[in-house]
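A short reminder: the numbers here are calculations on the coordinates, not readings from a lab. Not measured: the values here are computed from a predicted model. Ideal geometry is used to build each Cβ from the backbone, glycine not excepted, and the neighbour counts take in all protein chains shown.
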Amino acid sequence: MNSTRSLWAKQYQRILILSILLLIIVALSIFIGRYPKPFWMPIQVLLEDSMAQRLVWLLRLPRILTAALLGATLAVCGTVLQMIFRNPIVEPGFLGVSQGAAFGAAVAILWLGGGRLTIELSASLFALLGLAGSFILARTIKFGGWVLRLILSGIVVSALFSSGLGVLKYLADPLTQLQEITFWLLGGLWSVTWQDLLYVAPVVVVGLLIVYLMRWRLNVLALGQDTAFSLGAETTRERLIVLIAAVSATAVLTAVSGIVGWVGLIVPQIARQMFGPNGQFSVPGSMLIGAIFGVVSDNLARTLLAGEIPLGILTSFMGALLFVVIINRSRIKLR
Amino acid sequence: MNQTMIALKNIQFHYDPGKTILNDLSLSVEKGSITAILGPNGTGKTTLLHTILGLLAPQSGEIWIAGKNISAYKRSELSQVMSLVPQSEVVPFNFKVIEYVLLGRTPQFGFLDMPSEHDVELVRDTLEMLEVQHLEQRPVTELSGGEQQMVVLARALVQEPQILLLDEPTSHLDLSNKGRLLKILQTLAQRSVTIVFSTHDPDAAAMIADHVILLKAGAVLDAGLIDQVLTSEKLTQTYGTEVKVLTIEGRLVTLLINGRFGEKEKVK
């Protein structure tokens with residue numbers, strides 16, 4: 001009898017079920033949309049209609065895959081931050097990443113011509129700058145533990161970027177640029193192409209892989225400094241590696257999707273309820289649940305109404321409702 | 001026999017220059033001995049343990065662990081030699097007991113490996129040895145103080161350390177749990193694990209320690225065999241209050257002389 005298998009039998013089973021579920025949902029999503037008529041494309045049409053084939057290949061498929069990656073990345077980044085900061089209510093946006101991306105996007109819309117790729121590059125550049133800024137600032141603070149200093153610097157950097165964003169909004173042409181900024185801030189994947197996906201994929205895949213490989217180390221890093229040290233962890237270096245991997249992946253995806261909130265806060269909670277806090281399962285678990293959440297939300301965003309519903313609005317709405325359910329059901333320990 | 005497991009030579013440590021915590025501190029601990037670091041609160045006991053562990057680097061002085069300078073160890077090697085039971089372990093998530101204790105196996109497997117069957121079995125054996133196998137599936141966050149201390153000890157033991165450091169291991173325990181814990185430490189020492197624990201309670205030291213290090217203001221006041229160190233005169237000097245050491249049923253027992261507050265002039 002394999003004792004690790006039997007100890008975590010339920011977890012292995014759930015991972016398997018979620019993986020199958022994700023594959024089914026991705027497959028079904030190909031047929032969900034508003035062509036040729038709302039909500040469902042019969043298989044017959046896909047086989048015969050060349051317009052449908054091009055639409056699925058050029059628009060739906062890259063979009064579905066990006067939605068899955070986005071959900072998985074936001075969720076796993078939330079799990080990483082919550083474990084490393086030993087706090088169940090932090091989320092990927094802090095550490096200056098979201099506000100940095102927003103500022104970068106606005107800069108591109110205002111001054112760099114506002115081309116699709118320009119916005120993405122500028123947004124990811126400023127998102128990573130936000131992350132770096134938070135780390136550098138944290139080093140200069142002379143009091144408090146590592147976690148407190150990073151959180152404080154994240155707040156400062158976010159506030160600086162958001163005041164900068166305010167200035168840019170004020171300067172923007174209200175008829176064209178301001179609309180574009182606002183729409184970008186609401187988040188969405190309506191214009192994702194294979195090119196976008198190929199541009200983010202390397203950073204995202206490497207980031208997710210690093211986090212996945214370090215899923216047991218994360219447990220050690222979630223313990224107190226003295227215990228983690230006595231267990232042989234090079235705490236500062238290891239935390240830095242896993243944080244940078246997770247947050248960089250988030251940063252480049254945010255550059256494509258705009259601000260998509262709540263996934264990174266809510267999915268880790270659901271994953272811990274399903275799998276327990278052990279990173280061995282909560283990491284892949286939150287990736288799978290996040291991917292499902294991402295694809296389902298984006299399906300709703302693109303099919304529910306004739307016009308697109310911004311993804312960020314949907315995830316915030318569903319996330320907030322789910323959060324109420326979860327905090328009423330579970331005993332989340334706040335310290 | 002009589003192999004030196006821990007040797008500190010002229011350790012000087014401070015967080016802020018000018019506020020010395022450990023002052024020219026030297027000590028040595030032999031293999032398989034039980035050493036109590038005894039002293040009042042705030043005298044540097046935790047700092048000393050963290051220095052031995054390697055978590056804190058002293059500004060000057062040398063630390064030798066199992067005959068090798070601590071700086072010659074890799075982090076992972078050191079964690080296979082030494083483990084720590086901290087004074088209070090705050091586990092932020094509701095890990096199951098068995099998962100939490102499995103974390104203690106981390107130094108024994110590769111950087112990116114997962115626990116194996118052997119690890120799970122070793123954890124189960126250890127929980128059984130500590131008589132807490134019934135807690136296996138319980139969340140760590142919901143244990144009582146005594147249960148949690150046993151589970152933390154289990155996590156430190158599955159590291160299979162040659163040196164076990166414990167920071168105030170009995171301070172949150174009731175009498176029966178205290179007795180159980182100390183008995184376990186004695187058993188471990190018989191299996192030639194070297195045990196060093198800090199305590200502010202001389203009786204806990206007297207119950208099991210064979211060596212005592214008296215610490216006051218970051219310096220060693222006296223160190224040696226328990227019978228020679230645990231005396232009325234030395235304890236009075238260490239704690240700054242009159243203490244009497246008696247021998248009752250073959251064991252040293254301390255008595256706080258002015259502990260009754262009967263004399264009014266003592267209260268100011």
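When the convex hull of the Cα atoms of the range B:85-211 is projected onto a plane and the area is averaged over all directions, what value comes out in nm²?
Working: hull surface 31.2 nm².
Answer in nm², one decimal: 7.8.
Since only B:Pro107, B:Val91, B:Leu122 are under comparison, the one whose Cα sits farthest along the positive direction of the charge dipole of the range B:91-159, derived from C-beta charges on Lys, Arg, Asp and Glu, is B:Val91. When the alpha-carbon atoms of the range B:91-159 are used, the pair Rg, Dmax equals 11.2, 33 angstrom.
Taking only the alpha-carbon atoms of the protein assembly as shown, what semi-axes of the equivalent ellipsoid follow from 5 times the gyration tensor eigenvalues under a square root, in whole Å, largest first? Don't skip to the answer; put the middle values down first.
Values: eigenvalues 637, 142, 78 Å².
Computed over the protein assembly as shown, the values are 56, 27, 20 Å.
D for chain B, whole µm²/s, Stokes-Einstein with Kirkwood Rh over alpha-carbon pairs at 25 °C and 0.890 mPa s: what number? Value of D from the Cα-based Kirkwood radius: 125 µm²/s.
Obtain the radius of gyration and the Kirkwood radius of the range B:133-176 from its C-alpha atoms and give Rg over Rh. It would help to have the intermediate numbers written out before the result.
On the way: Rg = 11.3 Å, Rh = 11.6 Å.
Ratio of gyration radius to Kirkwood radius: 0.98.
Comparing A:Leu321, A:Leu311, A:Leu81 in a Gaussian network model of chain A where C-alpha atoms under 10 Å apart are linked, the largest mean-square fluctuation is found at A:Leu321.
With +1 assigned to the C-beta of every Lys and Arg and -1 to the C-beta of every Asp and Glu, and no other charges, what is the dipole magnitude of the protein assembly as shown about the Cα centre in debye, to the nearest 20? All intermediate terms of the calculation are to be shown ahead of the outcome.
Numbers: 48 positive and 43 negative charges, 189 e Å.
Approximately 920 debye in magnitude.
In the elastic network of chain A, a GNM with C-alpha springs shorter than 10 Å, the most mobile of A:Phe94, A:Phe229, A:Phe85 is A:Phe229. Expressed as a whole number of Å, what is the distance separating the alpha-carbon centroids of the range A:249-291 and the range A:1-55? Cα centres, the range A:1-55 to the range A:249-291: 19 Å.
Rounded to the nearest Å, what's the spacing between the alpha carbon centres of the range B:200-261 and the range A:70-140? Just the number, please. Using only Cα atoms, the two centres lie 57 Å from each other.
What pairs in A:Lys142/B:Lys31; B:Lys9/B:Lys96; A:Lys10/B:Lys178; B:Lys183/B:Lys234; B:Lys19/B:Lys178; B:Lys9/B:Lys74 have C-alpha atoms more than 31 Å from each other?
Values: A:Lys142/B:Lys31 41 Å; B:Lys9/B:Lys96 41 Å; A:Lys10/B:Lys178 37 Å; B:Lys183/B:Lys234 26 Å; B:Lys19/B:Lys178 34 Å; B:Lys9/B:Lys74 21 Å.
Beyond 31 Å: A:Lys142/B:Lys31; B:Lys9/B:Lys96; A:Lys10/B:Lys178; B:Lys19/B:Lys178.
Shown in residue order for the range A:16-33 are the 3J(HN,Hα) couplings computed by the Karplus curve 6.51 cos²θ - 1.76 cosθ + 1.60 at θ = phi - 60°: 4, 4, 5, 4, 4, 4, 4, 4, 4, 5, 4, 4, 5, 4, 4, 8, 8, x Hz (x for Gly and Pro). Using the Cα centre of chain A as origin and beta-carbon charges of +1 (Lys, Arg) and -1 (Asp, Glu), tell me which of A:Ile141, A:Pro42, A:Leu70 is placed farthest towards the positive end of the dipole. Looking along the dipole axis, the top candidate is A:Ile141.
Each principal axis of the range A:65-329 carries a Cα extent, and these read 59, 41, 36 Å when sorted largest first.
Relative contact order of chain A: what whole-number percent is it, with Cα pairs under 8 angstrom and at least 6 residues apart? Can you show the working numbers first?
Working: 500 pairs, mean separation 97.9, N = 335.
Across chain A, relative contact order equals 29 percent.
Computed 3J(HN,Hα) for the range B:120-136, one whole-Hz value per residue from the Karplus formula 6.51 cos²θ - 1.76 cosθ + 1.60 where θ = phi - 60°, is 4, 5, 4, 4, 5, 4, 5, 4, 5, 4, 8, 6, 10, 5, 5, 8, 2, glycine and proline marked x.
If you wrap a convex hull around the alpha carbons of the range A:129-286, what volume per residue comes out, as a whole number of Å³? It would help to have the intermediate numbers written out before the result.
Working: hull volume 21.3 nm³, N = 158.
Per-residue hull volume (Cα only) is 135 Å³.
When only the Cβ of Lys, Arg, Asp and Glu is charged (+1, +1, -1, -1), the dipole of the range B:73-160 relative to its Cα centre reaches about 320 debye. For the range B:162-178, 3J(HN,Hα) computed residue by residue from phi via the Karplus equation (6.51, -1.76, 1.60; θ = phi - 60°) reads 7, 10, 10, 9, 10, 9, 6, x, 9, 5, 9, 9, 7, 4, 6, 5, 4 Hz, glycine and proline entered as x. Remark: mean inter-chain Cβ contacts per residue of B:78-89 equal 3, using a 10 Å Cβ-Cβ cutoff to other protein chain atoms. In this structure, the amide hydrogen of B:Leu215, modeled 1.01 Å from its nitrogen in the peptide plane, lies closer than 5 angstrom to those of B:Leu38, B:Gly39, B:Leu221, counting only residues at least 5 positions away or on a different chain.
Over the range B:91-159, what is the relative contact order in percent, taking alpha-carbon pairs closer than 8 angstrom and at least six residues apart? Relative contact order of the range B:91-159: 54 percent.
Where a ≥ b ≥ c are the square roots of the eigenvalues of the C-alpha gyration tensor, would you call the range A:110-211 rounded, which needs a/c under 1.5, or, failing that, prolate if a/b is larger than b/c, or oblate? Present the calculation step by step, with values, prior to reporting the outcome.
Values: a/c = 2.86, a/b = 1.30, b/c = 2.21.
Because a/c hits 1.5 or more and a/b fails to exceed b/c, the range A:110-211 counts as oblate.
Taking Cα centre as origin and charging only the Cβ of basic (Lys, Arg, +1) and acidic (Asp, Glu, -1) residues, the dipole magnitude of chain B rounds to 600 debye.
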